[in-house]
Amino acid sequence: QVQLVETGGCLVQAGGSLRLSCVASSSIFNILHMGWYRQVPGKQRELVATRSSSGSTNYADSVKGRFTITRDNAKNTVYLQMNSLKPEDTAVYYCNAWGTTLNYWGQGIQVTVSS
């Protein structure tokens with residue numbers, strides 16, 4: 001079992017920055033692929049960014065050039081640096097960890113961007 005705890009969400013003005021953190025309670029963190037997803041009411045959860053165990057990254061077109069996903073295996077933590085935030089980035093952000101037969105989600109954290 002892997003527990004994921006997200007922190008860093010809050011209310012921020014458009015154009016501002018936030019960094020989300022997700023700490024995993026697992027010694028196998030370094031072999032897990034990690035990602036961030038987001039969801040707004042009435043819509044499906046969507047991919048924001050992923051970072052594989054080998055370091056390759058993938059971003060949604062809507063956040064490319066503004067968001068950066070990084071990980072610190074020594075701290076079992078994955079980060080999402082969000083710059084130039086827009087009101088449409090407002091959502092509940094979820095941390096995801098997965099492997100061949102594993103798939104875990106955090107509880108979600110609210111990010112609100114005011115115009």
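The values are calculated or read from the model by the stated rules, or taken from the named source; none is laboratory data. These numbers were taken from a predicted model, which means no experiment stands behind them. Every residue, glycine as well, gets a Cβ built from its backbone with ideal geometry; the counts of neighbours run over all protein chains shown. To get the accessible areas, we keep the full protein, side chains included, count just its heavy atoms, and leave off ligands, DNA and RNA. Shrake-Rupley method; radii C 1.70, N 1.55, O 1.52, S 1.80 Å.
Data for the structure
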read-out	value
Hydrodynamic radius by Kirkwood, which averages 1/r over all alpha carbon pairs of region 75-115, in angstrom	12.1 Å
Accessible-area value, residue 53, 1.4 Å probe, nucleic acids and ligands omitted, Å²	50 Å²
Sequence of 105, 98, 36 from largest to smallest accessible area, 1.4 Å probe	105, 98, 36
Cα-Cα pairs of region 46-95 separated by more than 13 Å (percent)	59 percent
Reachable lysines from residue 43, criterion Cα separation under 20 angstrom, eight or more residues apart if same chain	86
In nm, spacing of pseudo-spin labels at residue 27 and residue 75 (7 Å Cα→C-beta vector)	2.2 nm
Charge context of residue 108, other residues only, Cβ under 11 angstrom, K/R +1, D/E -1	+1
The chain, accessible surface, carbon-and-sulfur percent (1.4 angstrom probe)	48 percent
Reach of residue 75 by Cα under 28 Å, taken over lysines that are not fewer than 8 positions away in the same chain	64
Rounded to the nearest 10 Å², the accessible area of residue 5 at probe 1.4 Å	80 Å²
Heavy-atom surface of the chain, accessible at 1.4 Å and reported per residue (Å²)	52 Å²
Charge tally in the Cβ shell below 12 Å around residue 77, where Lys, Arg are +1 and Asp, Glu are -1, residue 77 excluded	+2
Theoretical FRET efficiency, 1/(1+(r/R0)^6), r = Cβ-Cβ of residue 66 and residue 46, R0 22 Å, to 0.05	0.90
